[in-house]
Amino acid sequence: MKDRHPDQTVELWFQDEARFGQQGTLTHVWTDTGSRPTVVKQTEYEWLYVFAAVNPLTGDSSAILTPTVNADYMNEHLRFISQEVASGGPRRHVVLVLDQAGWHVAKALKVPPNITLLHLPPYSPELNPVERLWAYLKSHYLSNRVFADYNGLFATVRAAWLQLDEPRRRSITHTAWLTPAA
């Protein structure tokens, strides 16, 4: 990739989306031996999607919250990533690693010139470190919760994402094979 962009700093970012909703996640909790804590499980059907991209080496990120997933929202996310990268200097180019979801390969996709898409092989979520962010958000902020409505869900998911500062994103998405050679 460096040969295609010799005058630019090429960065590797990973992208994914996750659905959060009123049918939340139950998780394990610490409690006294022999006790069985109870938790309310919500059964409404309001959902929210988070599109996120992260550079695991720096913790830089871009995310948007949307009511659904499609090529239009993916285009918006690509535009946001492009702006985030450009704000760090005009000589940055991102190789964006992502799965092959329908909206990632749609003909309607408009990829900005400072981004190159690199699709993962099918059925390989373990290769995408952003997947670990979703597990972290669910286990630390979004499990065992009840949301009054879509606005409550939106506010809670937004607040949870904003808890992930650059060092935390770097820590969660750290992958040994991404560390640059000394």
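The values are calculated or read from the model by the stated rules, or taken from the named source; none is laboratory data. In this text, all values refer to a predicted model and were calculated from it rather than measured experimentally. Methodologically, a virtual Cβ is constructed for each residue, glycine included, from the backbone with ideal geometry; neighbour enumeration extends over all protein chains shown. These accessible areas exclude ligands, DNA and RNA; they are computed on the full protein's heavy atoms, side chains included. Shrake-Rupley method; radii C 1.70, N 1.55, O 1.52, S 1.80 Å.
Residue separation times 0.36 nm, minus the C-alpha to C-alpha distance between residue 72 and residue 151: what's the value?
26.2 nm
For residue 101 and residue 83, compute 0.36 nm times the residue count separating them, minus their Cα-Cα distance, and round to one decimal in nm.
Numbers: separation 18, 0.36 × 18 = 6.48 nm, distance 2.30 nm.
Using 0.36 nm per residue and subtracting the Cα-Cα distance, I get 4.2 nm.
Per residue of the stretch 74-85, what does 6.51 cos²θ - 1.76 cosθ + 1.60 with θ = phi - 60° give for ³J(HN,Hα)? Whole Hz please, x for Gly and Pro, Karplus curve as stated.
So the J values, rounded to whole Hz, are 5, 4, 4, 5, 4, 5, 5, 4, 4, 5, 4, 5.
Among the DSSP beta bridges whose two residues both lie in the chain, what percent are antiparallel, rounded to the nearest 5?
Counting only bridges with both partners in the chain, antiparallel ones make up about 55 percent.
Restricting to DSSP H runs of at least four residues, report the calculated mean residue ellipticity at 222 nm for the chain, -39500 (n - 2.57) per run over all residues, nearest 500 deg cm²/dmol.
Details: 4 runs with 46 residues, N = 182.
The helix-only estimate for the chain comes to -8000 deg cm²/dmol at 222 nm.
Using the Karplus equation 6.51 cos²θ - 1.76 cosθ + 1.60 (θ = phi - 60°), what ³J(HN,Hα) coupling, rounded to whole Hz, does each residue of the stretch 122-137 give in order, writing x for Gly and Pro?
x, 6, 9, x, 5, 7, 10, x, 5, 4, 5, 4, 4, 4, 5, 4
Take every DSSP beta bridge whose two residues both sit in the stretch 36-133, then give the antiparallel share in percent to the nearest 5.
Taking every DSSP beta bridge within the stretch 36-133, about 55 percent pair in antiparallel fashion.
Could you give the alpha-carbon Rg of the stretch 83-182 over 2.2 N^0.38 Å, rounded to two decimals?
Ratio of Cα Rg to 2.2 N^0.38 Å: 1.30.
Less than 12 Å from a label point 7 Å out along the Cα-to-Cβ axis of residue 10: which backbone N atoms in the stretch 106-149 qualify, by residue?
Counting backbone N atoms under 12 Å from the label point, the list is 116-118.
Residue 52: net charge of surrounding residues, Cβ under 11 Å, Lys/Arg +1, Asp/Glu -1, itself excluded?
On the way: positive: 169; negative: 16, 17, 131.
Counting the neighbours of residue 52, the net charge comes to -2.
How long is the gain from residue 139 to residue 168 if the chain were fully straight, where each residue apart is worth 0.36 nm and the alpha carbon distance is subtracted?
Here the segment from residue 139 to residue 168 would lengthen by 9.0 nm.
Taking only protein heavy atoms and a 1.4 Å probe, what accessible area per residue, in Å², does the chain have with all protein chains in place?
That works out to 57 Å² for each residue.
When the Karplus curve 6.51 cos²θ - 1.76 cosθ + 1.60 is applied with θ = phi - 60°, which whole-Hz ³J(HN,Hα) does each residue of the stretch 50-65 get, with x for Gly and Pro?
10, 8, 9, 10, 9, 8, x, 7, 10, x, 4, 7, 8, 8, 9, 9
Compute log10 of I(q)/I(0) for the stretch 52-117 with the Debye formula, placing one identical point scatterer on every Cα and leaving out solvent, at q = 0.27 Å⁻¹, to two decimals.
Taken in order of the listed q values, log10 I(q)/I(0) reads -1.38.
Return the single residue from 31, 58, 68 with maximal mean-square fluctuation; model: Gaussian network over the chain, springs between Cα atoms under 10 Å.
31
Over the Cα atoms of the chain, how large are the radius of gyration and the largest Cα-Cα distance (Dmax), in Å?
18.0, 63
What part of the accessible area of the chain, given as a whole %, is carbon or sulfur when the probe is 1.4 angstrom?
54 percent
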